[in-house]
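Asker: One structure, as structure tokens, below. Some questions next.
The values are calculated or read from the model by the stated rules, or taken from the named source; none is laboratory data. As the structure is a prediction and not an experimental result, all values here were calculated from the model. Cβ: placed from backbone, ideal geometry, glycine included. Neighbour counts: every protein chain shown. Please note that ligands, DNA and RNA were not included when accessible areas were found on the heavy atoms of the full protein model with its side chains. Shrake-Rupley method; radii C 1.70, N 1.55, O 1.52, S 1.80 Å.
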Amino acid sequence: MARVKYTENDVNLVARMMRAEAEGEGKLGMLMVGNVIVNRMKANCLDFEDLRSIRDVIFQVQGGNYSFEAVQKGNVFYNRARGVEKRLARQVLDFWRQHPSKFALWYFNPYGECPPEWYGQPFTGQFKQHCYYEPQANTCEGVYGW
């Protein structure tokens, strides 16, 4: 059983986002970005309440900007998804989870050391250039319950 219900359009969206945000970090880096997307859809808490689809997550606007820089700036996100990214997207949508993105709802590339907190959320680990953060204890049970 898949982690979330999804369509072929969802596969394409996740694949495009994974490539745009983490192509330089290889397949594992792209999987971690994809995992954060699925976590945001499943969490239904904090900044991610009422996100009911992959499309809702990808095109979420917070503070007048898209949540993902790749959507805001356009770059690679607006290119077609390739086969390799589509396969990785299906893995994330179906089953894939791994530390440090396993329970993460946020990530970013600080171009330096990862801070111990990001907007008050604890650091869970780093993969290549991206730092991953999961919710503070007892603030978002939805991300841990599946």
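Asker: From the phi angles alone, apply the Karplus equation (6.51, -1.76, 1.60; θ = phi - 60°) to region 58-71 and give each ³J(HN,Hα) in whole Hz, x where the residue is Gly or Pro.
Answerer: 4, 9, 4, 10, 10, x, x, 10, 5, 5, 9, 4, 4, 6
Asker: Hydropathy at least 0.0 by Kyte-Doolittle, axial extent at least 15 angstrom from the Cα trace: which helices of the chain, defined as entire DSSP H runs, fit?
Answerer: What comes out of the filter, once short or polar helices are dropped, is 26-43.
Asker: With a Cα-only, solvent-free Debye model of the chain, what are the log10 I(q)/I(0) values at q = 0.19 Å⁻¹?
Answerer: Each listed q maps to, in turn, -1.17.
Asker: Follow-up question, since we're still on this one. Any idea of the accessible area per residue across the chain, 1.4 Å probe, to the nearest Å²?
Answerer: Solvent-accessible surface per residue comes out at 51 Å².
Asker: Taking amide H atoms as placed 1.01 Å from N in the peptide plane, list the residues 5 or more away in sequence, or in a different chain, whose amide H sits under 5 Å from that of Q60.
Answerer: It is S67, by chain and number.
Asker: Also: Under 20 Å from a point placed 7 Å out from the Cα of K27 along the Cα-to-Cβ direction: which residues of region 83-103 have their backbone N that close?
Answerer: Residues 83-102 fall inside that zone.
Asker: Name the trypsin sites (Lys or Arg not before Pro) in region 77-129 that are in a loop by DSSP and that have at most 10 other C-beta atoms within 10 Å, would you?
Answerer: For trypsin sites (Lys or Arg not before Pro) across region 77-129 that sit outside H, G, I, E and B with at most 10 neighbouring Cβ atoms in 10 Å, the list reads R80.
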